[in-house]
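Report on the structure given below.
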Amino acid sequence: MNILVCLKQILDPEIPVRDFRVDPIKREAERGAAALVTNIFCENALETALQFRERTNDARITVLSYGAPTAEDALRKALAMKADAAALVVNDGHAHPDSLTTARVLAAATRKLGPFDLIMCGREAGDWGAGQTGALLAEELGLPCVAFVDRLEQTDGKLRLKRQTDTGWEVLEAAPPVVVTITNDEHNVPRIPKVRDVIMSYRQPLTQWTLDDLEINADEARAGNTYYEVVDLFIPQRETRCEFVAGDTLDEKVAAFAQRISEITSAL
Amino acid sequence: MNDVVICLFAAAGFDRAAQGLAGAGRRLAAELGVRLRAIVIGSDADALATEIARIADAVTIADQTELAEYQPETCLRALAHLSVELQPRAVLLTNDTYSQELAPRLAHRLGGSAVGDGVEVRVAGDALRVSRQVYGGKAQALIELKRTPAVVWLRARSFAPAQARAEVCEVTRATLEIEADTRTRIVKRKREAQGATRLEEARVIVAGGRGLGGPEPFATELQPLAELLGAQLAASRAACDAGWVPPTWQVGQTGKKVAPDLYLAIAITGASQHMAGISEAKTIAAINTDPDAPIFKHCRFGIVADYRKVVPLLRAKLAELQR
């Protein structure tokens, strides 16, 4: 099974609120002291692929990213986690391209790297959270797509996909090739690569392309805004002020707390 | 032509999400001065179609055996087929699993643009603009859709419902001949046993976090409290990642987005990724030992104390009040 995992490098989403600033002109978050990390759902996807390879002994995993030159680090980490090959399409255009642009770039790179039986993306990214890249990539490639998958198995040349829904879970059978978007569960927490493997990963080959190397409208890709455009970005003001319930003893405080809760629930 | 179309799955019924979607669609259609059309897909669609027919100007039931149960590829074909015929200005959906799965692909097939998780849809000249949270709820973005139709999935529960009319509009059964796409197939559907109400529909939610210290308090402390309040149980990412409760309980940017009247957060710090899931809650209250916990910045009221002491007392007080 030939597997492609798409990875996005993002600003560390765990940055505390007090350190978070936006640049309203560039309409992006300020980098500040924040680290760049691999989007968690992309790492969940890679982990799911690695476990699949361990179970089946029959998979080759390629990782692909479209991003700034720094995205090489995300791919090196993936190699350290034991992906088999890596490719980076360097983005020298719009720093935050819309989802369709990203999907088209990834699709063009996928055609060059493939064919693949299984293409995996994170369900959304921790920065813009658009949640569209996987689905649009499937459309660009003319493939079916299953969202919110957290586990995969192989049976009789077909894939069995378990995915989360609003109310529980579902199992799907899919005939490869197929695109899946991966969500997190307790089984696909990404492994931590060994320091030695991280160092070694920088000696491994890594394919680098520019947009001009792909069969794609490179100008449109650089513009990155023909699908949608962020026209405003701001930090919303919060008006809530917490009232800490009053009372001399815990008993009195809890009584006041219960009263407030009861006022809301009895009105429902 | 140029109408606003809302897409609903019959299986979910006329729930709060469907009501919010219909409300959002009604208001957008009024602002654009166009008609509101609804597509209802799935078996047993009549009840939902009748409700929607009191709000929309036209309702189409996608009627075909192959569409009785949701299958991603076949359902997408049907929605694309029906939407192409209607040539809509905008297609609105809720943010349930299936709508999120299909919306970007539907936009692609219609040559339009999609955006998701919208909390507001505005008309700006010829374009539609959608407000949504980004950066894990730390910022808000206004996104302009560059192609038509605009396909938008909404945090539908946070939109006000529309006033229903006494009279119903025309309900049409579209007889489709969509070829089933069998490249993927749902072979098993499993509901988590968590009462009848979905978390997204719950009006009261009791949620536990890392500070609970383990899985047991969910059963021994939070469950009885939730029963007393008629609430659904939920959890933070930390509690789910630790395997204390199923991942379907997770609320936050990486979990469910909920909109209850009351969200009671117990031993939850309130990381921004968690808050991103409850920004539509009407009232947030918290129990936490740390007065500086970020959760309190979002709370209407709170109590700084150990939940182990508070929750048993709280149950007793609530039981008293209910008598």
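Springs between Cα atoms under 10 Å define the GNM used for chain A, and in it the highest mean-square fluctuation of A:Val90, A:Val22, A:Val179 occurs at A:Val22.
At a Förster radius of 56 Å, what calculated FRET efficiency corresponds to the Cβ-Cβ distance of A:Gln204 and B:Ala160, to the nearest 0.05? Show your work: numbers first, answer last.
Values: r = 55 Å, r/R0 = 0.99.
My answer for the efficiency is 0.50.
So if R0 is 60 Å, what FRET efficiency would B:Asp46 and A:Gln51 give, r being the distance between their Cβ atoms, rounded to the nearest 0.05? The value I calculate is 0.85. With the convex hull drawn over the C-alpha atoms of segment B:172-239, the volume per residue is 167 Å³.
Start at zero, step by 10 Å, and the Cα-Cα distances of chain A spread as 6, 26, 30, 19, 10, 7, 2, 0 percent across the bins.
The fraction of Cα-Cα pairs per 10 angstrom bin, counted from 0 for segment B:82-191, comes to 12, 34, 35, 17, 2 percent, rounded to whole percents.
Counting each pair of different Cα atoms once, what's the Kirkwood radius of segment A:1-146 in Å, rounded to one decimal? Walk me through the numbers on the way to the answer.
Working: mean 1/r = 0.0638 Å⁻¹.
Taking the inverse mean of 1/r over all distinct Cα pairs, segment A:1-146 comes out at 15.7 Å.
Here segment B:208-323 is assigned +1 on the Cβ of each Lys and Arg and -1 on the Cβ of each Asp and Glu. Its dipole about the Cα centre then comes out at about 180 debye. Each 10 Å bin, from zero up to the one with the longest distance, holds this percent of the alpha carbon pairs of segment B:1-58: 27, 57, 16, 0. Rounded to the nearest Hz, the phi-derived 3J(HN,Hα) couplings of segment B:146-157 under the Karplus curve 6.51 cos²θ - 1.76 cosθ + 1.60 (θ = phi - 60°) are 9, 10, 10, x, 7, 10, 10, 9, 10, 6, 4, 5, where x marks glycine and proline. Classify segment A:108-226: rounded, prolate or oblate, from the alpha-carbon gyration tensor (a ≥ b ≥ c, eigenvalue square roots; a/c under 1.5 rounded; otherwise prolate if a/b is larger than b/c)? Cα axes put segment A:108-226 in the oblate bin.
Modelled spin labels at A:Asp212 and A:Arg60, positioned 7 Å past Cα toward Cβ, are 3.0 nm from each other. Placing unit charges on each Cβ (+1 for Lys and Arg, -1 for Asp and Glu) gives the protein assembly as shown a dipole about its Cα centre, and among B:Leu229, B:Cys75, A:Trp209 the Cα reaching farthest toward its positive end belongs to B:Leu229. Overall, the ratio between the Cα radius of gyration of chain B and 2.2 N^0.38 Å, rounded to two decimals, is 1.07. Label separation (A:Arg18 vs A:Leu36): 2.8 nm, computed from points 7 Å beyond Cα along the C-beta direction. Here segment A:100-156 is treated as a Stokes sphere of Kirkwood radius computed over C-alpha pairs; at 25 °C and 0.890 mPa s its diffusion coefficient rounds to 200 µm²/s. For segment B:81-86, putting each phi into the Karplus relation 6.51 cos²θ - 1.76 cosθ + 1.60 with θ = phi - 60° gives couplings of 4, 5, 5, 4, 5, 7 Hz, in residue order, rounded to whole numbers and with x for Gly and Pro. Summing Cβ point charges (Lys, Arg +1; Asp, Glu -1) relative to the Cα centre of the protein assembly as shown gives a dipole of roughly 660 debye. Taking the convex hull of the alpha carbon positions in the protein assembly as shown and averaging its projected area over all directions gives 26.8 nm².
Please state the relative contact order of chain B as a whole percent: Cα pairs under 8 Å, 6+ residues apart? The partial results should precede the final answer.
Values: 708 pairs, mean separation 49.2, N = 323.
Reported relative contact order: 15 percent.
With only the Cα atoms considered, segment B:179-289 has a convex hull volume of 133 Å³ per residue. Return the FRET efficiency for the residue pair A:Lys82, B:Lys309: r is the Cβ-Cβ distance, R0 is 41 Å, and the value is rounded to the nearest 0.05. So, using R0 = 41 Å, E works out to roughly 0.30.
Given their separation in residues at 0.36 nm each and the Cα-Cα distance between them, B:Gln223 and B:Thr175 gain 12.6 nm when the chain is fully extended.
What separates the Cα centres of segment A:19-41 and segment B:26-88 is a distance of 39 Å.
The mean number of partner chain beta-carbon atoms within 10 angstrom of a residue's beta-carbon across peptide A:172-181 is 3. Relative to the dominant Cα principal axis of chain A, helix A:99-113 is inclined by about 30°.
Find, among the chymotrypsin sites (Phe, Trp or Tyr not before Pro) in segment A:178-234, those assigned to loop by DSSP (not H, G, I, E, B) with at most 15 other beta-carbon atoms within 10 angstrom.
Working: sites: A:Tyr202, A:Trp209, A:Tyr227, A:Tyr228, A:Phe234; in loops: A:Tyr202, A:Tyr227.
Here the chymotrypsin sites (Phe, Trp or Tyr not before Pro) that fit, given the DSSP loop and packing criteria, are A:Tyr202.
Report the full-extension gain for the segment B:Lys190 to B:Arg122: residue separation times 0.36 nm, less the Cα-Cα distance, to one decimal in nm.
20.7 nm
Per-residue Karplus couplings for segment A:209-224, computed as 6.51 cos²θ - 1.76 cosθ + 1.60 with θ equal to phi - 60°, are listed in order as 10, 9, 4, 6, 7, 9, 7, 7, 6, 5, 5, 5, 5, 5, 5, x Hz, Gly and Pro entered as x.
If you average the sequence gap of Cα pairs under 8 Å that are 6 or more apart and divide by the length of segment B:232-323, what percent do you get for the contact order? Walk me through the numbers on the way to the answer.
Numbers: 150 pairs, mean separation 18.6, N = 92.
Taking the mean separation of contacting Cα pairs over the length of segment B:232-323, I get 20 percent.
Which entries of B:Lys138/B:Lys188; B:Lys282/B:Lys317; A:Lys194/B:Lys257 show an alpha-carbon separation above 28 angstrom in the structure shown? Cα-Cα > 28 Å for B:Lys138/B:Lys188; A:Lys194/B:Lys257; rest within.
Treating only the Cβ atoms of Lys and Arg (+1) and Asp and Glu (-1) as charged, compute the dipole magnitude of segment A:1-125 about its Cα centre; round to the nearest 20 debye. List each step's numbers first, then the result.
Details: 16 positive and 17 negative charges, 47 e Å.
Its charge dipole is roughly 220 debye.
Amide H to amide H distances under 5 Å link A:Glu30 with A:Arg21, A:Val22, A:Asp23, where only residues 5 or more positions off or on other chains count and H is placed in the peptide plane.
Of B:Arg26, B:Arg203, B:Arg308, the residue with the greatest mean-square motion in the GNM of chain B, using alpha carbon springs below 10 Å, is B:Arg308. Amide H contacts for B:Ala114 (H built 1.01 Å from N in the peptide plane; partners 5 or more residues away or on another chain; cut-off under 5 Å): B:Val151.
For B:Thr283, nonlocal amide neighbours, meaning residues 5 or more places apart or on other chains whose placed amide H falls under 5 Å from its own, are B:Leu262, B:Tyr263. Relative to the longest principal axis of the Cα atoms of chain B, helix B:307-322 runs at roughly 70 degrees. Applying the Kirkwood pairwise sum to the alpha-carbon positions of segment B:251-323 produces a hydrodynamic radius of 12.8 angstrom.
Considering the convex hull of the alpha carbon atoms of segment A:122-189, report its projected area averaged over all viewing directions, in nm², one decimal.
The directionally averaged projection comes out at 5.1 nm².
Note on B:308-320: average number of Cβ atoms from other chains within 10 Å of each residue's Cβ is 4. Put a dot 7 Å past the Cα of A:His187, heading toward its Cβ, do the same for B:Arg54, and the two dots end up 4.5 nm apart.
Suppose we keep just the DSSP beta bridges with both residues in segment B:62-191; what percent of those would be antiparallel, to 5? Each step should come with its number before you reach the end.
Values: 11 of 21 bridges.
Antiparallel bridges: around 50 percent, rounded to the nearest 5.
Beta-bridge orientation, the protein assembly as shown: approximately 35 percent antiparallel, per DSSP, counting only bridges with both partners inside. Of the GluC sites (Glu not before Pro) in segment A:155-224, the ones in a loop by DSSP (not H, G, I, E or B) with at most 10 other beta carbons within 10 Å are A:Glu215. Across segment A:25-181, C-alpha contacts under 8 Å between residues 6 or more apart give a mean separation that, scaled by the residue count, equals a relative contact order of 21 percent.
Under Stokes-Einstein, with the Kirkwood radius over Cα pairs standing in for Rh, what whole-number D in µm²/s applies to segment B:1-159 at 4 °C and 1.567 mPa s? Write out the running numbers ahead of the final one.
Numbers: Rh = 15.3 Å.
Translational D for this selection: 85 µm²/s.
Coordinate-derived values only; no laboratory data. These numbers come from a predicted model, not from an experiment. No Cβ is skipped: glycine too gets one built from the backbone with ideal geometry, and neighbour counts run over all protein chains shown.
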